[in-house]
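These notes are about the structure you will find just below.
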Amino acid sequence: MTSPATLETRARHVRDTWGKRCDVLLFASDYKNDKFPTINITAPHGRDHLLMKTTKTFDYVYTHHRDQADWFLKADDDTYVIMENLRHMLTPYNPQEALSFGHAFITTAQFFRWVHSVIETINHINPLT
């Protein structure tokens with residue numbers, strides 16, 4: 001994933017280095033740029049909407065590119081991947097089975113919304129009054 005502000009300062013380095021070793025290389029952004037190329041993923045701006053952007057990106061990949069590769073990697077424009085090591089790591093896994101690696105990202109705003117909902121639930125179950 002990238003943004004218009006980091007397309008030339010970050011994403012182009014991915015494209016010009018380790019991106020060349022990808023079977024399919026797509027950059028999801030806020031707008032379509034055929035010269036780069038990027039695909040337009042329509043979602044609100046900001047870190048609070050990263051899950052929506054990621055989900056929409058994987059939906060796009062599934063719809064348009066699912067038959068072009070066994071595996072798809074979501075990486076940001078400040079990530080460096082040694083593709084040969086990644087391919088080696090994936091060797092024992094079956095690409096026909098659902099699999100994901102990584103860590104779920106939660107923003108501060110999402111965390112506080114979650115805390116608020118927990119407090120509301122506790123207060124509903126065991127009111128202070």
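The values are calculated or read from the model by the stated rules, or taken from the named source; none is laboratory data. Because the structure is a prediction, the values reported are computed rather than measured. Every residue, glycine among them, receives a Cβ derived from its backbone with ideal geometry; neighbour counts consider all protein chains shown.
Yes or no: segment 63-77 includes at least one residue that is without any contact (Cβ under 8 Å) to a residue 24 or more places away in the chain, in a helix (DSSP H, G or I) and exposed (fewer than 12 other Cβ atoms within 10 Å of the Cβ). Yes: one or more hits. Do the conditions hold for F36, that is, is it of a type outside the set (K, R), in a loop (DSSP other than H, G, I, E, B) and touching a strand residue (DSSP E or B) at 6+ places or on another chain (Cβ under 9 Å)? Yes. Test each condition in (1) on the phi < 0 side of the Ramachandran plot; (2) more than 12 Å from the chain's Cα centre (by Cα) for G46 and report the one that comes out false. (1) is the only condition that G46 fails.
Summed over segment 96-124, the residues that are outside any helix (DSSP H, G or I) and loosely packed, with under 10 Cβ neighbours inside 10 Å give a count of 8. Among residues that are modelled with pLDDT under 90, surrounded by 12 or more Cβ atoms within 10 Å (Cβ to Cβ) and of a type in the set (D, E, K, R), K53 is included. Screening R87 against (1) more than 26 Å from T38 (Cβ to Cβ); (2) not in a loop (DSSP other than H, G, I, E, B) leaves a single unmet condition, (1). Could you please find all residues in segment 1-30 being over 15 Å from the mean Cα position of the chain (by Cα) and assigned to a strand (DSSP E or B)? If the condition is that a residue be over 15 Å from the mean Cα position of the chain (by Cα) and assigned to a strand (DSSP E or B), then no residue fits.
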